[in-house]
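Any read-out appearing in this document is the output of simple, stated calculations on the displayed coordinates, not a laboratory observation. In this text, all values refer to a predicted model and were calculated from it rather than measured experimentally. Please note: Cβ atoms are built from the backbone with ideal geometry, for glycine as well, and neighbour counts cover all protein chains shown.
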Amino acid sequence: SVARAAGFPRITTVISGCAPGVDWLAINWAGEQDLPCVRMPARWRELGRGAGLVRNEEMAVRAGTDGGLIAVWDGESGGTLHMIRMAFKWRLMVVALKLWRSTPSGWEAAILPVSRLPRSPTQHHHES
């Protein structure tokens, strides 16, 4: 698995932000693996536009110092990038998969080395 290839310890719990797409795939995967899944949707009505950012930091804190993040990032999503930054801030182990559209029927992905992940807003740039 990607997690094992990156040196992750055994996954014991999935924490999901409940956003459409990859977050829901993670919830489904946790169910298939009989793993507990903590659902942490953003509180948009309560917190407004910053709800996703608050939720991201709460997920990083919930993961704890022995936790990790497996991020699937298209190189564009500000929310996923923020989650990656929160994982670094809280010293989580990070593996990021970068997606490229390879054909109309599929995606191609590669594991991004941690050294190539932007850790601050000034480091965010588009890769080709």
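Odds and ends about this structure:
- For Leu69, the amide hydrogen comes within under 5 Å of the amide hydrogens of Met93, Val94, Val95, counting only partners 5 or more places away or on other chains and with H modelled in the peptide plane.
- Cα-Cα pairs of segment 2-83 separated by more than 15 Å (percent): 60 percent
- Spin-label model, Lys89 to Leu25: label points 7 Å out along the Cα-to-beta-carbon direction sit 2.6 nm apart.
- Close amide H pairs (under 5 Å, H built 1.01 Å from N) link Ile15 with Val38, residues at least 5 positions away or on another chain.
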